[in-house]
1. Does the range 168-186 hold any residues that are within 17 Å of Arg152 (Cα to Cα) and surrounded by 14 or more Cβ atoms within 10 Å (Cβ to Cβ), and which are they?
2. With the checklist (1) part of a loop (DSSP other than H, G, I, E, B); (2) over 22 Å from Val179 (Cα atoms); (3) of a type outside the set (Gly, Ala, Ser) in hand, flag the one item Glu107 doesn't pass.
3. Pick from the range 172-199 the residues that are among the basic types (Lys, Arg) and in contact with a strand residue (DSSP E or B) (Cβ under 7 Å, 6 or more places away or on another chain): which of them is nearest to Ala141 (Cα to Cα)?
4. Let me confirm something: among Gly75, Gly37, Gly99, Gly54, which residue is more than 19 Å from the chain's Cα centre (by Cα) and either surrounded by 12 or more Cβ atoms within 10 Å (Cβ to Cβ) or at pLDDT below 95 (or both)?
5. List, please: which pairs have Cβ atoms under 8 Å, are six or more places apart or on different chains, and start with a residue in the range 57-77 that is more than 22 Å from Ser184 (Cβ to Cβ) and end with one that is charged (D, E, K, R)?
6. Find the strands (runs of 3 or more DSSP E) located wholly in the range 159-235 whose residues include 1 or more that are touching a residue at least 40 places away in the same chain (Cβ under 8 Å), and list them.
Amino acid sequence: MSGAESPSNAPAHSPLDAAAAKAARRARKVRWLSRVGYWAVQLLARTWRIDLRGEPNWPTQGGVRRPVVVAVWHGLMLAPIWTQRNRGIMALASEHGDGEIIARILERLGYAPPARGSSSRGGVRGLITMINALRGGTSLAFTPDGPRGPARVAQPGLFVAAHRASVPIVPMSMHAARVWRLKSWDRYAIPKPFARVCVTIGEPFVPQFDGDALAAGEAERFAAAMDATEAMARA
């Protein structure tokens, strides 16, 4: 007989091998997309003419920023993220498909290693990490309607984190006349090259609780604070 290996003796590929190969492909994809995403943000954002308003609204002590929960709607987060880079702020990274890519881009932009979780997956673990970070003096960046909406409807984790850590929520927003709008649930806004971009920091919001539950009317009061911050950007 020839030395050729018969089909019955050919090495079998186990499900573990297939899973490992899939994981390796995904890791390469995440690495590549995070690098491309980082440089895309750098190249685009450096062309913007940014007008940052409301900086005095961020609470300070002895001239140093106090830890807060920064709240920005998911569809408006790109420009605020850029203005707050290199400050060691922690974000909550979704455990959905794009979460790891976003997490790596944020770290390259000078954000702290993110908490892992979302309103729909891994949320309790992420919330505990964020509360501990706040208590340790690290500010958080939170998209209260992320990662999948509904748009501009705040999920409770934002209020719980601020309340448990005894820190205020600081609304942020942005406006640019020249933007691309993605056809996504949040109508994600990407300011075009050389656009004038107004980013605003609103007045601190302290959520009121009735026992362990958010007090009646607080969600509406928070929505009004976010609207006022966006109106400041449009003025």
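1. Initially, the range 168-186 is screened for residues within 17 Å of Arg152 (Cα to Cα), giving 169-175, 181-186.
Ile169, Val170, Pro171, Met172, Ser173, Met174, His175, Trp185, Asp186 - these are the residues of the range 168-186 that are within 17 Å of Arg152 (Cα to Cα) and surrounded by 14 or more Cβ atoms within 10 Å (Cβ to Cβ).
2. So the condition that Glu107 fails would be (1).
3. Step one: filter the range 172-199 for residues among the basic types (Lys, Arg), giving 178, 181, 183, 187, 192, 196.
Those still in the list that are in contact with a strand residue (DSSP E or B) (Cβ under 7 Å, 6 or more places away or on another chain) too: 178, 181, 187, 192, 196.
Values: Arg178: 25, Arg181: 22, Arg187: 20, Lys192: 23, Arg196: 23 Å.
Among residues in the range 172-199 that are among the basic types (Lys, Arg) and in contact with a strand residue (DSSP E or B) (Cβ under 7 Å, 6 or more places away or on another chain), the one nearest to Ala141 (Cα to Cα) is Arg187.
4. After ruling out the rest, the residue left standing is Gly54.
5. Once the first residue is more than 22 Å from Ser184 (Cβ to Cβ) and sits in the range 57-77, its partners that are charged (D, E, K, R) give Asn57/Glu203; Trp58/Arg65; Trp58/Arg66; Pro59/Arg65; Pro59/Arg66; Thr60/Arg66; Arg65/Arg87.
6. 169-176, 189-191, 196-201
The values are calculated or read from the model by the stated rules, or taken from the named source; none is laboratory data. This structure is a prediction, so every number in the text was calculated from the model and none was measured. With ideal geometry, Cβ positions are generated from the backbone for all residues, glycine too; neighbour counts draw on all protein chains shown.
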